[in-house]
Amino acid sequence: GRRSGRVAAMDFIAGIGTTAVYQLSGDKTQTYVTSVGGHRTVTLVDGSRIELNTDTVLRVNVGGQGRKVELAQGEAYFFVKHDRAHPFTVKVGDHRLVDLGTQFVVRKDDDRMKLGLIEGSVQVEDANAWSQKRIAVLTAGDVAVATPGKMLITKGAKSELAEDVAWR
């Protein structure tokens with residue numbers, strides 16, 4: 001009884017410390033959700049826009065040194081305002097997308113990610129620290145399909161891209 005009380009108190013104190021650091025950093029995470037059949041456009045402070053397709057969950061953090069987005073489920077179309085000093089990154093499962101000035105569409109289904117590059121370029125990285133890191137740079141017209149441990153890139157797949165953005 002007495003030992004578990006101390007452990008609970010330590011966990012509570014650790015939680016307070018984490019909260020204080022989070023609040024001091026100035027970072028704010030907002031979650032945007034669309035219902036089945038829904039569609040929503042989110043405009044960020046920097047002028048970037050994100051269109052959410054049906055049944056999508058997106059978490060956005062634009063405080064501190066960078067602009068970080070996580071596509072937890074669903075599909076989103078990104079119009080990114082490029083800012084070299086504040087990189088725009090999108091986490092999708094075990095992969096991280098780094099904007100190099102672009103427009104792109106991303107879909108997440110369970111542990112599969114599909115990225116279609118409309119304009120500009122995007123760097124795709126494995127975010128899983130346990131795997132051998134793979135990095136690819138996509139340019140306009142390219143499509144990448146990635147699952148844990150595997151990435152397939154199709155160059156110049158413009159007809160496939162047209163189908164991917166038909167929902168817009």
**OP:** Provide the solvent-accessible area of His82, counting protein heavy atoms only and rolling a 1.4 Å probe, rounded to the nearest 10 Å².
**Re:** 90
Original post:
For Ile118, which sequence-distant residues (separation of 5 or more, or a different chain) have an amide H within less than 5 Å of its own amide H, given hydrogens modelled in the peptide plane?
Top reply: Gln103, Phe104, Val105, Gly141
**OP:** Obtain the nm distance between the two label points defined at Glu119 and Thr139 by a simple spin-label model: each point lies 7 Å from its Cα along the Cα-to-C-beta direction.
**Re:** 1.7
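If I stretch the segment between Thr29 and Asp46 completely, what's the gain in nm (0.36 nm per residue apart, minus their alpha carbon distance), one decimal?
Working: separation 17, 0.36 × 17 = 6.12 nm, distance 1.51 nm.
Residue separation times 0.36 nm, minus the Cα-Cα distance, leaves 4.6 nm.
I need to check one value: relative contact order of region 80-149, counting alpha carbon pairs closer than 8 Å and at least 6 residues apart, in percent.
The value is 28 percent.
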Original post:
If you roll a 1.4 Å probe over region 53-123 with all protein chains in place, what percent of the accessible area is carbon or sulfur?
Top reply: 44
Subject >> Sites Thr147 and Arg59, calculated FRET efficiency, Cβ-Cβ separation with R0 22 Å, nearest 0.05 >> reply: 0.55
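Assuming 0.36 nm per residue, please report the length gained on full extension of the stretch Asp83 to Asp109 beyond their Cα-Cα distance.
Working: separation 26, 0.36 × 26 = 9.36 nm, distance 2.91 nm.
The Asp83-Asp109 span can extend by a further 6.4 nm.
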Original post:
Using a 1.4 angstrom probe with every protein chain in place, what is the largest-first accessible-area order of Met113, Met151?
Top reply: Met151, Met113
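The values are calculated or read from the model by the stated rules, or taken from the named source; none is laboratory data. Not measured: the values here are computed from a predicted model. All Cβ positions, even for glycine, are placed from backbone atoms using ideal geometry, and neighbour counts span all protein chains on display. For the accessible areas, the whole protein counts, side chains as well, though only heavy atoms, and no ligand, DNA or RNA atoms are used. Shrake-Rupley method; radii C 1.70, N 1.55, O 1.52, S 1.80 Å.
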